Structure formats: structure tokens, C-alpha cells
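Visitor: Shown below is the structure under consideration.
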Amino acid sequence: EQAGKGEYDHFMLKEIHEQPTALSQALEGRIDTQNGRIALADFDPGTFADIDSVQFIACGTSYHAALYGSLALKQAGVESTALLANEYSVSAPPVDDDTLVVAVTQSGETADTLNALRRAEAEGAMTVTVTNVVGSTAAREADEALFIRAGPEIGVAATKTFSSQAVMLTLLGQRIAADRHGDPPADLDTLLPELAAMPDALDDLLAETDAEAIAERYHNSRSYFFIGRGLGFPVALEGALKFKEITYEHAEGFASGELKHGPLALVTPDTPVFAIFTGQEDEKTLKNAEEAQTRGAPVVAVCPEDHRAVDVADAHLEIPETDADLAGLLANVQLQLVSYYAADLLDRPIDKPRNLAKSVTVE
Ligand code: AGP
């Protein structure tokens, strides 16, 4: 097992560092920056032309990637919603043959997600799975499979598969919007080069990160809060899930604007707030972070170097400049690293957290 970790102490850290390669593999042959068109040759031309609405179904980290994909698709002008697969039987909106249901599952074997997928198929929806495992049950049962090509992920905490899922869902959303509207979405020209540059941006981030120092500074706190707006919201949820999963400490993610509707009562000098800035209404998020800071909470801004939040925050995790559709994914990698280093300082088992399994095959 040690041999498989290479130079790293844990699979999780290795897999965090594999993300530039994972994203290169995911994007290979799937985007065409020259002509400003997404290839996604995985699907025949016009595959999604008749789709009226999209439902994403998933659990855990994959649900956060699904929420990311759903928000991106809405921004591209297509009706969509993300649903927890284990709630699908009681919360699914109506489905017909103009509905696309996208099952997002790294393993392709999660029982809750497979059950929801089967239900959607029985009701006549077109189905696609976005998965890492060729030959998995989801890949075999869905009408179409879009493979994220992240390579094996051994750590129970999903890291590289989240990034690859979110990027593939962003691409899929652009493709659905293009098929539906007959033309590529207007912002595609700016998005594609930034997508192609993601592996390099991640390399830069990983080469120079203050995540270990931030973990050192705050790892003995009472609770940890993560806030984000728009595409930063699923990243806040994912930051908190990762943190609680491997550190065993209490962490919660909130939509930035929700802080004042209740969670602010929990904020004290002993509850660091990680604020994610993606370029979507950042002024509002900064105001929300300052409200926490006024109550004594240290604020860690996750944003580019020249962002106004850097002057306001108590600490900073830098992300390279990129498109607002992708900034949250870079922020998420900084948060993965903070969780990892905090768990290491707390002497947690990291790759195999108590009570958790890599693939949950029971309901
Ligand atoms: C995340 O770190 C967890 N391992 C967990 O939430 C996981 O994402 C969830 O169980 C879904 O798994 P899947 O992607 O294999 O369906």
C-alpha cells in the first residue's frame, strides 16, 4: 500500500496532487479551443436537442458536483435541478421523455443513486451517468455514460473525482445548452480557454499554497464554517463535508446570504469562516464575511491575490485568476488541502475515516 502512495504520506494527498493530470485526461479530445466549440464527441450531434429540463441525482460529494453542474446549466439558460438521490423517490419533480436525468457517481455503484436512476428510467426519462468507473452498474444501466477519466481514487474522501465531475458537468451543460438552443452559449469563447488552462492553474496553486499554515493556525477551533454564493455555494458545502469527514470536527457550509438567517448565532472567535469568492456578487459575500468578523470570527478569504477581500480577511488562500464558472473549483482544492493538513495535525487516519466506506452499496 505504501508503494502506491509514492512520495506522499496518504492517498488523499497524492490524489489532490493528481488533479492537474486528472483534468487533462478528462478534457482530452473533448474541447476545441480553436473553433470555440465543445467537442464532447461522446454524444451524437443533437443528442439533447429535445430536452426540456435536466435533473441531476447524486449523493455526498457527487451531489455537490451535481449542484455545481445544475447551477452552471441554469446560467446557460436550461431548466435544471439537483436532487439528493436518497430523497429522489419523495422529491422528484415530474419526469417525461423530454427530461434528462444525470446520475453523478464516482463509483457507479452507490445504491441510492442507482435506485433513483432506475426510477427515472422507468418513468421514461433519458439518462446519462457521469462516472469514473467503466463497466460500473451506472455505466451499464444509463442510456449514455460520460467517463471522467480521473484514474483510481483510493482515499475514502473524494478529491480528484469531484474536480473532474464538476468540469465534465460544466462541459455537459454547455453541450446541452448548445443542442437545445442550436448555438453554443454566448460565454463559451471565454470559458473554453480557461477550461483548457485549468490543469496549469492547478499546478500553480499546488506549487505554492498556504493551506498547511492555515491548518496549523486554526486546527484547534470549535467549529468551521464555509460560505459561498452562486457556484461558490456547492464549494462551501463540499469544503465542510471534506473537513468533517476526515478531521472529525464540526463543520458546516452555507450560502453566504444565509449566515444572517440563523447560523450567525453560532459564530464566535473560535469558529473560523472560510469565504469563497468566485467573482459572482463578491461584494455581497464580503459583506457577509465581515458580519462574521464583527462577531470575532477569523475570516479566511479564498480568492485571487488582488481581490479586495484579501485586505479585509484575517488570512488568505490564493487561487489563480480564472473564469467565474471555474474559480470555485480552484478554491475547492485549497479547501481540500486545509482539511488534509488539519486532519494530519489531529492525527486522524485520513484515508479511511471511521464509519465510512468508499462506495455505499446499501440504502
Ligand atoms: C465523499 O468524500 C464521500 N466519499 C461520499 O460523500 C461520496 O461522494 C458518496 O458516497 C457518493 O459516492 P459515489 O460518487 O461513488 O456515488
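FYI, it's all coordinate maths here, none of it is from the lab. This structure is a prediction, so every number in the text was calculated from the model and none was measured. Backbone-built Cβ (ideal geometry, glycine too); neighbour counts: all protein chains shown.
Visitor: Less than 13 Å Cβ to Cβ from N355, Lys/Arg counted +1 and Asp/Glu -1: what total charge do the surrounding residues give? List each step's numbers first, then the result.
Guide: Working: positive: K244, R348, K352, R354, K358; negative: E245.
Local charge sum for N355: +4.
Visitor: At q = 0.17 Å⁻¹, what is the log10 ratio I(q)/I(0) for the stretch 211-363, with the Debye formula run over Cα points and no solvent?
Guide: Evaluating at q = 0.17 Å⁻¹ gives log10 I(q)/I(0) of -0.89.
Visitor: Taking the alpha-carbon distance from K5 and a cut-off under 24 Å, which lysines remain once sequence neighbours fewer than 8 residues away in the same chain are dropped?
Guide: The qualifying lysines are K14, K160, K242, K244, K352, K358.
Visitor: Is it possible to state the helix-based mean residue ellipticity at 222 nm for the chain, with each DSSP H run of 4+ residues giving -39500 (n - 2.57), the sum divided by total residues, to the nearest 500 deg cm²/dmol? What is it?
Guide: Working: 15 runs with 158 residues, N = 363.
Mean residue ellipticity at 222 nm (helix-derived): -13000 deg cm²/dmol.
Visitor: So what's Rg/Rh here for the stretch 78-136, counting alpha carbon atoms and using the Kirkwood radius for Rh? Mind showing how you got there, number by number?
Guide: Details: Rg = 11.0 Å, Rh = 11.7 Å.
Computed over Cα atoms, the ratio is 0.94.
Visitor: Also: Using amide H atoms built 1.01 Å from N in the peptide plane, name the residues 5+ places from C59, or on other chains, whose amide H lies under 5 Å from its own.
Guide: A85
Visitor: Mind jotting down the three principal axis lengths of the stretch 1-144 based on Cα atoms? Whole angstrom, largest first.
Guide: That gives 50, 41, 27 Å along the principal axes, largest extent first.
Visitor: Right, something else. Please determine, in degrees from 0 to 90 and to the nearest 10, the orientation of helix 198-207 with respect to the longest principal axis defined by the Cα atoms of the chain, where the helix direction is its Cα long axis.
Guide: Here the helix axis deviates by roughly 20 degrees.
Visitor: Here is a further query. At 25 °C and a viscosity of 0.890 mPa s, what translational diffusion coefficient does Stokes-Einstein give for the stretch 155-280, taking Rh as the Kirkwood radius over Cα pairs? Give it in µm²/s as a whole number. Each step should come with its number before you reach the end.
Guide: Values: Rh = 16.8 Å.
The estimated diffusion coefficient comes to 146 µm²/s.
Visitor: If you look at just the Cα atoms of the stretch 324-363, how large are its Rg and its Dmax in Å?
Guide: Cα only, the stretch 324-363: 13.8, 37 Å (Rg, Dmax).
Visitor: Oh, and also: Run the numbers on the chain and let me know its relative contact order in percent, using alpha-carbon pairs under 8 Å that are six or more apart. List each step's numbers first, then the result.
Guide: Values: 742 pairs, mean separation 67.9, N = 363.
Averaging sequence separation for qualifying contacts and normalising by length gives 19 percent for the chain.
Visitor: Here's a follow-up. Convex hull volume of the Cα atoms in the stretch 162-212, per residue, in Å³?
Guide: Convex hull of Cα atoms, per residue: 81 Å³.
Visitor: Leaving out same-chain residues fewer than 8 places away, which lysines sit with a Cα under 16 Å from that of K284?
Guide: K260
Visitor: Check F254: other-chain or 5+ apart residues with amide H under 5 Å from its amide H, H built from backbone geometry?
Guide: F226, I227, G228
Visitor: Hey, what's the Cα Rg ratio for the chain versus the globular rule of thumb, 2.2 N^0.38 Å? Please report the intermediate quantities before stating the final value.
Guide: On the way: Rg = 19.5 Å, N = 363, 2.2 N^0.38 = 20.7 Å.
Dividing the Cα Rg of the chain by 2.2 N^0.38 Å gives 0.94.
Visitor: Next question, about the same structure. Would you tally the net charge around Q280, using a Cβ to Cβ cut-off of less than 12 Å, leaving Q280 out, and scoring K and R as +1, D and E as -1? Mind dumping the intermediate values first?
Guide: Working: positive: R229, K284; negative: E281, D282, E283, D323, D325.
Once positives and negatives cancel, what remains is -3.
Visitor: A follow-up question, please. Calculate the translational D of the stretch 294-363 in whole µm² s⁻¹ from Stokes-Einstein, where the hydrodynamic radius comes from the Kirkwood formula applied to all Cα pairs, the temperature is 4 °C and the viscosity 1.567 mPa s. Mind showing how you got there, number by number?
Guide: On the way: Rh = 14.7 Å.
For these conditions, the coefficient is 88 µm²/s.
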